[in-house]
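The values are calculated or read from the model by the stated rules, or taken from the named source; none is laboratory data. This structure is a prediction, so every number in the text was calculated from the model and none was measured. Here Cβ is always computed from backbone atoms with ideal geometry, including for glycine, and neighbour counts include all displayed protein chains. Accessible surface is based on the protein model in full, side chains and every heavy atom, while ligands, DNA and RNA are left aside. Shrake-Rupley method; radii C 1.70, N 1.55, O 1.52, S 1.80 Å.
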Amino acid sequence: MPAPGQFYLLRTSDTLDPLLRRPFSILRWSDASLEFLVRLKGRGTLLLRKLRAGEDTDLIGPLGSGYPRPSDTEAPVVVAGGVGIASVYSLLETLGASAHLFYGARTSGELYLLDEIRRLTDNIHISTDDGSMGFSGSVLEELVEFLDETSIVKPVVYACGPEGMIERLVLLLKGRNIPGYISLEERMACGIGACLGCVIRTRSGYKRVCKEGPVFDVKEFE
Ligand code: FES
């Protein structure tokens, strides 16, 4: 069984080239099914776009590391940007209704699964860059306001989203000494530890996002 934060490689081409598999976070699962959130965009998702119900495809997984659970005294705060909601969705299912979710995108049309996530937590903070839904501004601006204006005790942050959002979030958390775990799934190529195209430098040496990640402790970064 997968764990929240892990991913699968889905075949996205008719050829046998392993580089034409793409990583997708596991969204949710049961004994009989696996669900993924796929944004249909460009050649990489061509084959997935053509798949019909009942057709076979192939996939590899679950792969990578998942999100560690918060301790009993920590208050989980989940941050997602766009399709990054897929990575944290099953984590939210396990955290219960008191967890805070900060979910942002450029515009309301890029916010996914809104009805489903409203059933998972009572504390949803929506933001859009263009102001078309929720807070007008970035998800991190809204998070900063929340951290400044509330008295949340012992927050621990879990996040997945675009690279720029994650970079700024790491700086924010380190600056405030807030523990956190981030998913870097956007940086993968082969996804199976073979190409070294996903290597990043951490405080404890070079790590492959697809093998040692995609979830990393923010303490791993300068
Ligand atoms: Fe190829 Fe990680 S994506 S080694």
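Scanning the range 84-120 for residues that are in a loop (DSSP other than H, G, I, E, B), at pLDDT 95 or above and at negative phi yields A99, R106, T107, L111, Y112. Checked against (1) modelled with pLDDT under 95; (2) open to solvent by less than 50 Å² (accessible area, probe 1.4 Å); (3) of a type in the set (S, T, Y), S151 passes all but a single condition, namely (2).
Say whether the condition of being within 21 Å of T12 (Cβ to Cβ), in a strand (DSSP E or B) and in contact (Cβ under 8 Å) with a residue 40 or more places away in the chain is met by at least one residue in the range 32-43. So far as the range 32-43 goes, yes, one or more of its residues are within 21 Å of T12 (Cβ to Cβ), in a strand (DSSP E or B) and in contact (Cβ under 8 Å) with a residue 40 or more places away in the chain.
Report yes if S90 is touching a Leu at 6+ places or on another chain (Cβ under 9 Å), of a type in the set (S, T, N, Q) and either touching a residue at least 60 places away in the same chain (Cβ under 8 Å) or open to solvent by less than 50 Å² (accessible area, probe 1.4 Å) (or both), otherwise no. When the stated conditions are applied, S90 passes them.
All of F146, F221, F216 fail the test of being aromatic (F, W, Y), touching a His at 6+ places or on another chain (Cβ under 9 Å) and surrounded by 13 or more Cβ atoms within 10 Å (Cβ to Cβ), apart from F146. Counting only residues that are near the ligand (Cβ under 6 Å from one of its atoms) and in contact (Cβ under 8 Å) with a residue 60 or more places away in the chain, the range 182-203 holds 6 of them.
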